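Report on the structure given below.
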């Protein structure tokens with residue numbers, strides 16, 4: 001009898017072990033990553049409170065799932081350098097990739113990129129939409145990349161009088177959500193979430209909207225009746241205490257002058273709000289896809305936008321500046337076992353934190369070249385001590401430093417701005433010339449990059465394949481001319 005009990009107990013233990021092995025084999029040992037990038041989304045989302053008329057229930061839902069950062073700043077207020085810095089772990093001031101029109105691949109090797117680290121660690125690395133500034137992705141950095149979103153035949157809605165004012169393009173579209181490229185990119189992401197994977201995955205989904213043109217199906221414009229649209233807080237003389245370098249970035253005689261002359265400032269704000277609402281709907285589809293998948297409990301979500309956007313604040317439109325509206329944006333994390341629902345972190349962070357934090361959360365080794373700070377302690381405890389400032393760079397030697405209270409801007413020509421956000425959240429009063437704040441400026445200047453690399457040449461923002469083709473064509477023409485000339 002004892003022998004029989006022993007055998008039965010042994011069989012039970014053996015069966016339990018086999019069940020455990022099967023379960024372990026079915027579930028990846030490392031967490032998956034859902035990496036959501038948005039283009040030109042500033043801090044006009046409901047949970048950040050900057051603009052009460054915006055409608056972003058899905059982004060706000062995501063914020064409730066984990067930790068949202070209320071003082072998150074981009075690495076650069078321009079698409080190309082922001083994304084190159086975030087994806088390489090190297091600041092613009094280190095690589096010389098400061099602006100659009102510069103080929104980031106000339107300064108950043110394939111071995112340095114975030115996606116390469118995940119491939120080396122045994123992950124499937126899937127991508128769709130806009131992750132880098134260009135859709136030209138280097139071979140070998142992705143398991144698979146979806147680039148067939150289309151959307152080139154979208155028509156302006158008959159109710160739209162035109163396609164915007166000058167360079168600020170906006171109008172409703174006579175289209176369905178399904179016709180939009182971002183819809184198709186999200187559909188690709190949902191498809192990947194429904195599939196069975198033999199490895200953990202890194203899934204990067206890049207949404208282009210709300211990037212200009214602010215053109216989405218008309219139903220999103222209808223959510224914001226024009227007579228109810230409010231202009232962002234602004235002052236007509238806001239540039240009076242701004243140094244020459246800041247005024248040059250603002251270009252008040254350009255977009256803003258045209259908008260004022262047209263009388264269509266509210267129309268442009270309505271269009272931006274509508275485009276954000278469309279973006280939010282796509283985020284909602286993606287979140288639903290994850291929640292309905294087998295990966296919902298083992299997937300880290302990292303949500304970010306490459307930079308902010310001005311809509312007339314400081315007489316400025318677009319990004320391309322170092323003030324709060326251009327530098328601050330949305331930043332949300334949900335990390336199973338680390339974050340708790342409804343977390344809010346007021347510490348100043350910049351997006352150089354993304355690379356090292358993902359390495360920590362997934363157990364990947366952090367490459368030696370990575371410059372950012374790991375924010376895992378803030379994900380676990382949003383009130384944890386934090387001794388760092390957020391740094392944003394726009395072109396060589398121009399830096400913005402953001403602490404919990406202050407924003408300090410120092411330009412290449414020595415011009416300065418200093419704003420106390422506790423008292424002046426819209427940065428209307430420049431305190432840089434007030435001697436009582438000299439020590440504050442010195443402290444904040446200590447966070448500025450010590451290296452300021454020369455700018456890469458302009459006009460090189462083309463693909464390596466195109467570069468190779470151009471070189472081959474040039475060589476062929478030279479050889480042909482030489483042959484024609486004879487010996």
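Read-outs throughout are calculated quantities, based only on the coordinates presented, and are distinct from any laboratory measurement. Everything numeric in this text was worked out from a predicted model, so none of it was measured. Methodologically, a virtual Cβ is constructed for each residue, glycine included, from the backbone with ideal geometry; neighbour enumeration extends over all protein chains shown.
Beta carbons within 10 angstrom, averaged per residue: use that to sort the peptides 158-165, 330-337, 80-87, 222-229, highest first.
80-87, 330-337, 158-165, 222-229
Going by average Cβ neighbours within 10 Å, how do the peptides 358-367, 35-44 rank, with the highest at the top? Could the numbers behind the result be given before it?
Values: 358-367: 17.5, 35-44: 25.2.
Packing proxy ranking, top to bottom: 35-44, 358-367.
Could you work out the helix-only [θ] at 222 nm for the chain, with each DSSP H run of four or more residues adding -39,500 (n - 2.57) and the total divided by the number of residues, to the nearest 500 deg cm²/dmol?
Mean residue ellipticity, 222 nm, calculated: -10000 deg cm²/dmol.
Would you report the distance distribution of C-alpha pairs in the range 387-455 as whole percents per 5 angstrom bin, up to the bin with the largest distance?
3, 18, 29, 26, 15, 6, 2, 0
Go ahead and run the numbers for FRET between residue 219 and residue 412, Cβ-Cβ distance against an R0 of 51 Å, rounding to 0.05.
0.65
Roughly what would the spin-label model give for residue 292 and residue 241, points 7 Å off Cα along C-beta, in nm?
Roughly 5.4 nm, to one decimal.
How much of the DSSP bridge set in the chain is antiparallel, in percent, rounded to the nearest 5?
Percentage antiparallel, nearest 5: 45.
Compute and list, largest first, the equivalent-ellipsoid semi-axes of the range 221-262 from the alpha carbon gyration tensor, each √(5λ) rounded to a whole angstrom.
The three semi-axes for the range 221-262 are 27, 12, 9 Å.
On C-alpha positions alone, give me the angle between the axis of helix 79-88 and the longest principal axis of the chain, in degrees, nearest 10.
30 degrees
Just to confirm the number: angle between the C-alpha axis of helix 265-291 and the first principal axis of the chain, 0 to 90 degrees, nearest 10?
Rounded to the nearest ten degrees, it is 10.
Given the C-alpha centroids of the range 236-307 and the range 155-191, what is the distance between them in whole angstrom?
The distance from the Cα centre of the range 236-307 to that of the range 155-191 comes to 15 Å.
How much length, in nm to one decimal, is gained on full extension between residue 120 and residue 445, taken as 0.36 nm per residue of separation minus their Cα-Cα distance?
Contour length minus Cα-Cα distance gives 113.2 nm.
Can you give the convex hull volume per residue for the Cα atoms of the range 109-196, as a whole number of Å³?
Value for the range 109-196: 118 Å³ per residue.
Calculate the FRET efficiency for residue 147 and residue 420 from the Cβ-Cβ distance with a Förster distance of 51 Å, rounded to the nearest 0.05.
About 0.65, to the nearest 0.05.
Using C-alpha positions alone, give me the convex hull volume of the range 61-125 per residue in cubic angstrom.
127 Å³
Under a plain spin-label model, where a point goes 7 Å from the Cα along Cα-to-Cβ, how far apart in nm are residue 197 and residue 436?
5.5 nm
Using only the Cα atoms, what convex hull volume per residue in Å³ does the range 28-389 have? Don't skip to the answer; put the middle values down first.
Working: hull volume 49.1 nm³, N = 362.
Roughly 136 Å³ of hull volume per residue.
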